[in-house]
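Values in this text are rule-based calculations from the coordinates and carry no lab data. Just so we're clear, the structure is a prediction, and the values are computed from it rather than from any experiment. For neighbour counting, all protein chains shown are included, and Cβ atoms are generated from backbone atoms with ideal geometry for every residue, glycine included.
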Amino acid sequence: MDNTYCLGEVSTATVSLDAGATAGAYSAVPSGLVIDAATGAIDIAASAAGVYTVTNFVAASGLSIGGVQRQSLTINALPLADAGADISICSGETASLSASGGTSYAWDNGAGVGSPVSVSPLSTTTYTVTVSDANGCTSLDAVTVTVETATAGSDATASVCNDNTEGTSAVDLSTLVGVSGGVFSATGGAPALSGTSFEGNGLALGDYVYEYTVSGGGLCPDDIALITISVTDCITSNPCTAPLLPVVISGTY
């Protein structure tokens, strides 16, 4: 008769005894098994792992001589599942997951079976491993793979006037990027910014390029977006906005 369980596998159980040997009082040795003396119901979850002898004793009564039945019951401890420490990788990289504590390992989220296994998540993902031991008992543990990525967003452009009397000559570069946390830096002779503001008043016509860099935090590569500001002659490019000049008519009337 198989009276073997894994700790926590079921909430209650009873031992298998011969027919007729169920009317007496139940007891178990050694201590650690939680058993109902009247019914023989065993609280597996509340009991300790171990090997026990369960006894059903029927006292003599009248013409009945009574009797004793004994059965062995085993509660196996669960494996100590360990999925390892959490991992951080850069986007596009592969992480190796290693579990321990049993004889076989099955991972969720498509990671497969065994230990180690390799995964390449596109975003931060938690992997749960089911660890099984030689007794067929199982337990779970989880590990999180954090995918780090530095994203500066897309390149951007804007135009301003080189004369603030002709139109808008300033632009705040922070309004041109969709990602916060980066740093602007001038390239190729572009003027220094005032904070994140570009001022085109009085500058030579042309394009001025700035790099917007978002740090990878030392773990992953930095990402850079290029911000191009075109300084234009707004009157030439928009002749209808030119100021009106007085008209002088000469001649004899």
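Observations on the structure shown:
- Centre-to-centre separation between the Cα atoms of the range 198-226 and those of the range 95-144: 43 Å.
- Estimated from helical segments only, the mean residue ellipticity of the chain at 222 nm is 0 deg cm²/dmol, where each DSSP H run of four or more residues counts as -39500 (n - 2.57).
- If the convex hull is drawn through the Cα atoms of the chain, its volume per residue in Å³: 221 Å³
- Extreme residue, positive dipole direction of the chain, given options Gly112, Ser47, Ser174 (C-beta unit charges): Ser47
- With all pairs of different C-alpha atoms in the average, the Kirkwood value for the hydrodynamic radius of the range 87-148 is 11.9 Å.
- Pairwise Cα separations in the range 156-237 fall into 10 Å bins from 0 onward with the following percentages, short to long: 19, 48, 24, 7, 2.
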